[in-house]
Amino acid sequence: MKRRSVAVIVTLALLFQFSGCKVKKVHRLDPAQVQNPERERIVGVTTKNGEEVSFDPYGTVVKGGSIQALVKKQPYQISLDQVQRLWVQRQETSTIRTIGLVAAVVVGTIVVTAAIIVATKQSCPFIYSWDGAQYVFDAEPYGGAITRGLERDDYSELEHLRPENGFYRLKIGNEVPETQFTNLLELKVVDHNPATRVVSDEWGRLHTISALRAPLSAREKTGHDLLPWLQATDKLIWEPDAVADSRGNTRQEVVLTFPKERGAKHAKLVANAATGLWGSYMIKAMLELRGRDLEQWYARVDSSRSEANALFAWNIREELYALKLYVEEPTGWEVRGIMPGGGPFIAEDRVVTLDVSRVPGDQLRIRIRPPAGFWAFNSFAVDYTSDESVRVETVPPAEARTDHGQSVLAELQGVDDSPSRSGMKRTVFLHSRGYYRLHLTGSGDPDTATLQQIQSEPDAAALFAAARFAAWRRNSQPASH
């Protein structure tokens, strides 16, 4: 068949409707975070025993410290003190600007690219995908890139995105006070063997997954069995509170045991995980310690590669927003990979390739040591298969404009059309690049003593987070009468 050159038109429109985009979100919250549970729409719970219970749509009542609901039309009751997470459904309206990105699908190939700087917005991007009926919260890119010197690329699978009338539609909502600088948005369309999944690593390298092995065991250092929490991607999230143990230790320690193929040299660890909610909040808390010196610190990180590298090295040491993966070898536990953070509201699957060539026998043991409160884990699995070839299409836009009508792409670009292959499965990823600045007052004296301690003493940041968490819990308790 003759190939023809086509142009892909992409319109970038910043919409000013203050009605915003209404979406229903289910938040999994610590009961202590829900001040008036009787006023909330609770659609399920995760119990402290690791059971996840989804309620029927109507009939849930919170009364006298317990929840009464229907589960498959049968009465169900549980005391709130036995609940680890409440599933609270809220309809939310973004009352600030929403960016609508509309990308043309041309013979099965689409990509959206925009070079924009969006100011005076209220969150790092919340990406909503049109699924054919509604916009669904689908991605939350480049969390933690809090200034220009930390700008980074992010790769998010858009699981809910579906084409309609030749278009893919995305919306970007902004929901917390910050200024966001988005310098790249594009979709990568991947055609692959339908018997495989495609998952991205931190650097955008795509890996095929076809023979996942769930863990045989998952145990905390205390002996607590975490397998019910970590064996499958579901609503069961292991997210320990930011609480130090009786000896002041804030580190959790978990050993995951997987079956290992004899002779395997590499393993693809597939982790569904995210930054914990408290860990995400601690970014702001630690920045506020700098007081009036915050802008000077931003300037140093933005202008000095060594300053940014020192911050990255500190993060790896502390494992707040990047986690070391230890593999057990005859010589002991060796670091063989780093798992990035993300979220905190969406946990993405991430692949980390591990060297397992020194591991004897038929079992692979992996250890993680997350600081309490900074991580939320859903599942872990490994795949020993070799990556298969996939076809990736990236099509630049022909047009991109800001809300003022200013073009941010000078010329139209043409590409050859590339129809999807018969019998192939399609997966779409969002590739974004950017950073953001939180809206902080930047006033007052810097807390140099605490900053020095956090910078120089191992685990001091996690202890700081635990102290703040304890104070928050005290202040959030209802007053006794």
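Close amide-amide hydrogen proximity is noted between SER66 and LEU80, each under 5 Å apart and 5 or more residues distant or on a separate chain (H modeled in the peptide plane; Pro and chain starts excluded). For a straight C-alpha distance cut-off of 15 angstrom, the aspartates and glutamates reachable from LYS260 (same-chain residues fewer than eight places away being disregarded) are GLU328, GLU329, ASP355, ASP362, ASP383. Rounded, prolate or oblate, given the Cα gyration tensor of the range 281-374, with a/c below 1.5 counting as rounded? Since a/c reaches 1.5 and a/b is larger than b/c, the shape of the range 281-374 is classed as prolate. Taking a ≥ b ≥ c as the square roots of the eigenvalues of the Cα gyration tensor of the range 22-92, is the shape rounded (a/c under 1.5), prolate (a/b larger than b/c) or oblate? Here the range 22-92 falls in the rounded category. Dipole magnitude for the range 22-92: computed about the Cα centre from +1 point charges on Lys and Arg Cβ and -1 point charges on Asp and Glu Cβ, it is near 280 debye.
Within the range 282-308, name every residue whose backbone N is under 16 Å away from a label modeled 7 Å from Cα of ASP445 along the Cβ vector. From the range 282-308, the list is 289-294. Each peptide in 183-195, 243-255 receives the mean, over its residues, of other Cβ atoms within 10 Å, and ordering these scores from highest gives 183-195, 243-255. Residues within the reach of a label modelled at ILE316 (point 7 angstrom out along Cα to beta-carbon, backbone nitrogen below 19 Å), restricted to the range 335-367, are 335-342, 351-356, 367. Around the Cα centre of the range 211-384, unit charges on the Cβ atoms of Lys, Arg, Asp and Glu (plus for the first two, minus for the last two) sum to a dipole of about 340 debye.
Laboratory data are not the source of any read-out in this text; all were calculated from the coordinates shown. Quick caveat, the model's predicted, so the values are computed rather than measured. Quick reminder, even Gly has a Cβ in these numbers, built from the backbone with ideal geometry, and neighbours come from all protein chains shown.
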